[in-house]
Amino acid sequence: MPRAGLSKEKVLAAALALVDREGIAALSMRKLGAELGVEAMTLYYYVPNKDAVLDGLIDMAVSRVTVEPVGPWREWLRAFAVAIRRELLAHPALLPLVATRPVLAPGGLATVERMAAVLRDEGFGALEGLRLVNAVATFVVGHTLAEAGSTPGHGEPDVAGVMESLDPGEYPVLAEAVRAGLGSPQDHQERFDRALDALLDGLGPGALRKASR
């Protein structure tokens with residue numbers, strides 16, 4: 001039975017709040033029901049199963065990126081990559097889910113379809129355009145996962161502490177890099193920008209076809 005004031009959007013918003021607070025591994029229909037003050041069975045009126053919740057979370061993250069595929073493909077695709085990274089950094093607990101689950105919900109599929117259609121008009125084939133979108137998305141997720149993610153079910157390693165305690169005599173280059181800002185927010189930003197620009201520079205029309213030969 002439906003419950004007054006409840007909707008699919010509110011269910012997904014509560015799921016995101018739960019994941020933000022406790023991690024993706026903690027998400028269950030029972031916990032989600034408790035988050036909303038209802039029995040788990042009530043949720044099935046709005047979402048058929050947990051898989052639908054997971055797909056909905058990815059769809060929600062993608063839908064919050066409002067970059068439209070307008071203008072030169074390199075510019076809007078770069079803006080899309082920047083926006084996706086920003087959204088994932090705002091919800092790092094979603095990273096393990098986004099990294100391992102394909103986009104299957106209607107909203108996310110519609111976004112991919114729009115981008116692929118514009119890329120086709122720019123000279124990419126249908127498959128080539130989708131490969132380009134996938135290459136950029138895979139890079140963004142992988143970079144952001146390394147930047148902000150942690151292994152589910154395990155404590156987050158003290159990378160900064162380990163790097164700062166390096167013996168300059170044994171690791172002179174690493175120690176110098178740490179002094180220069182390795183691992184800082186600015187360093188992550190610069191690495192992201194350089195790698196993204198290099199990726200886009202090498203992925204013009206025809207480049208992916210050549211690479212697959």
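The values are calculated or read from the model by the stated rules, or taken from the named source; none is laboratory data. Computed from a predicted model, the values in this text were never measured in an experiment. Please note: Cβ atoms are built from the backbone with ideal geometry, for glycine as well, and neighbour counts cover all protein chains shown.
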* Can you confirm whether region 200-207 contains a residue that is of a type outside the set (A, V, I, L, M, F, W, C), part of a loop (DSSP other than H, G, I, E, B) and modelled with pLDDT of 80 or more? => yes
For Gly123, state whether it is at positive phi and either outside any helix (DSSP H, G or I) or modelled with pLDDT under 95 (or both). yes
- Do we have Ala34 as among the small types (Gly, Ala, Ser), exposed (fewer than 15 other Cβ atoms within 10 Å of the Cβ) and in contact (Cβ under 8 Å) with a residue 12 or more places away in the chain here? no
For region 135-173 the number of residues that are at pLDDT 90 or above and either surrounded by 12 or more Cβ atoms within 10 Å (Cβ to Cβ) or part of a helix (DSSP H, G or I) (or both) is 14
In the set Asp51, Asp20, the lone residue that is of a type outside the set (Ser, Thr, Tyr) and either in contact (Cβ under 8 Å) with a residue 24 or more places away in the chain or within 30 Å of Pro205 (Cβ to Cβ) (or both) is Asp20
Note on region 37-48: residues in contact with a helix residue (DSSP H, G or I) (Cβ under 6 Å, 6 or more places away or on another chain) and without any contact (Cβ under 8 Å) to a residue 40 or more places away in the chain are Glu39, Ala40, Leu43, Val47
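Taking the stated definitions as given, is Val103 assigned by TED's automatic domain parsing to the domain that holds His143, over 20 Å from Ala148 (Cβ atoms) and either among the aromatic types (Phe, Trp, Tyr) or not in a helix (DSSP H, G or I) (or both)? Write out each step before concluding.
Details: assigned by TED's automatic domain parsing to the domain that holds His143: yes; over 20 Å from Ala148 (Cβ atoms): yes; either among the aromatic types (Phe, Trp, Tyr) or not in a helix (DSSP H, G or I) (or both): yes.
For Val103, the condition - assigned by TED's automatic domain parsing to the domain that holds His143, over 20 Å from Ala148 (Cβ atoms) and either among the aromatic types (Phe, Trp, Tyr) or not in a helix (DSSP H, G or I) (or both) - is met.
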Going through region 58-76 in order, the residues found to be loosely packed, with under 14 Cβ neighbours inside 10 Å and closer than 17 Å to Ala13 by Cα are Arg64
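If a residue has to be without any contact (Cβ under 8 Å) to a residue 12 or more places away in the chain and more than 19 Å from the chain's Cα centre (by Cα) to count, how many in region 119-149 make the cut? Quick ask: steps written out before the conclusion?
First pass over region 119-149, keeping only residues without any contact (Cβ under 8 Å) to a residue 12 or more places away in the chain: 120-121, 126-127, 134, 138, 146.
After this cut, where a residue has to be more than 19 Å from the chain's Cα centre (by Cα) as well, the list is 120-121, 126-127.
The qualifying residues number 4.
Check whether at least one residue in region 77-85 is in contact with an Asp or Glu (Cβ under 6 Å, 6 or more places away or on another chain), part of a helix (DSSP H, G or I), surrounded by 14 or more Cβ atoms within 10 Å (Cβ to Cβ) and assigned by TED's automatic domain parsing to the domain that holds Val112, and report yes or no.
From region 77-85, those in contact with an Asp or Glu (Cβ under 6 Å, 6 or more places away or on another chain) are none; that's our starting set.
Among the residues of region 77-85, not one is in contact with an Asp or Glu (Cβ under 6 Å, 6 or more places away or on another chain), part of a helix (DSSP H, G or I), surrounded by 14 or more Cβ atoms within 10 Å (Cβ to Cβ) and assigned by TED's automatic domain parsing to the domain that holds Val112, which makes the answer no.
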In the set Ala25, Ala14, Ala79, the lone residue that is under 15 Å from Leu95 (Cα atoms) and in contact (Cβ under 8 Å) with a residue 12 or more places away in the chain is Ala25
**Prompt:** Based on what the data block shows, is Gly23 at pLDDT below 95, surrounded by fewer than 20 Cβ atoms within 10 Å (Cβ to Cβ), over 15 Å from Lys8 (Cα atoms) and in contact with a Lys or Arg (Cβ under 8 Å, 6 or more places away or on another chain)?
**Reply:** no
